[in-house]
1. Which of (1) farther than 18 Å from residue 40 by Cα; (2) within 15 Å of the chain's Cα centre (by Cα); (3) exposed (fewer than 15 other Cβ atoms within 10 Å of the Cβ) is the odd one out, the single condition residue 96 does not satisfy?
2. Sort out which residues of region 134-156 are part of a helix (DSSP H, G or I) and among the acidic types (Asp, Glu), and write them in order of number.
3. Restricting attention to region 55-73, which residues are in contact with a helix residue (DSSP H, G or I) (Cβ under 8 Å, 6 or more places away or on another chain) and among the β-branched types (Val, Ile, Thr)?
4. Would you check if there is a residue in region 123-138 being in the same structural domain as residue 64 (by TED's automatic domain parsing) and either aromatic (Phe, Trp, Tyr) or in contact with a strand residue (DSSP E or B) (Cβ under 7 Å, 6 or more places away or on another chain) (or both)?
5. Which one of the conditions (1) buried (at least 18 other Cβ atoms within 10 Å of the Cβ); (2) in contact with a helix residue (DSSP H, G or I) (Cβ under 6 Å, 6 or more places away or on another chain) does residue 114 fail to meet, given that it meets all the rest?
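The values are calculated or read from the model by the stated rules, or taken from the named source; none is laboratory data. Computed from a predicted structure; not experimentally measured. Neighbour counts are summed over all protein chains in view; Cβ atoms, including those assigned to glycine, are modelled from backbone coordinates with ideal geometry.
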Amino acid sequence: MKPKTLLATLASLTLLATAPNLALAQHEHQQHEMHGSGSAVAQLQLKDGQKWQTDAPLRLGMTNIRAAFDADHPAIHAGKQTDAQYAALATRIDQQVKSIVANCRLPADADANLHFVVADLLQGVSLMRGEDTARSRHDGAALVHGALKAYGQYFDDPAWKPDAPMQEQ
């Protein structure tokens, strides 16, 4: 066998041998995320102990997301939020996230950390729309809630009030 053919054969055999392990690892990762500890905001870090810079479009979008969430939070917390209400909230949040993504101009390191918040907001939107039958719409609201709390902890938004009116779920 020629060296190139031998290498190609070995590479193919290696891929075939590891494919089941890759599939298992992916499944385990998905299961880990489904049981609550897979939120993207868990990866957030401060910049040398300081909060990340924000800009006006980010602050406005996050304020609007928080206002929408706060309006529905009592019904969510009480277990009285309907599927239609979850879907409407998801749409309002999705619109704001799209605006943030289109208009926000942060430095690269701040933007990279913001992506963790955005990821949880969008996953929450998906769940609140009922797009994952293995998880509840309430799970989506919990992800959004966590993203909002993380934003206040990791991003410098002078108008953000960490304790009012958002409450624990």
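1. Of the numbered conditions (1) farther than 18 Å from residue 40 by Cα; (2) within 15 Å of the chain's Cα centre (by Cα); (3) exposed (fewer than 15 other Cβ atoms within 10 Å of the Cβ), the odd one out for residue 96 is (3).
2. Correct list: 139 only.
3. Of everything in region 55-73, just one residue is in contact with a helix residue (DSSP H, G or I) (Cβ under 8 Å, 6 or more places away or on another chain) and among the β-branched types (Val, Ile, Thr), namely 65.
4. Taking region 123-138 first, the residues in the same structural domain as residue 64 (by TED's automatic domain parsing) are 123-138.
Retained after the next criterion (residues that are either aromatic (Phe, Trp, Tyr) or in contact with a strand residue (DSSP E or B) (Cβ under 7 Å, 6 or more places away or on another chain) (or both)): none.
The answer is no; no qualifying residue exists.
5. (2)
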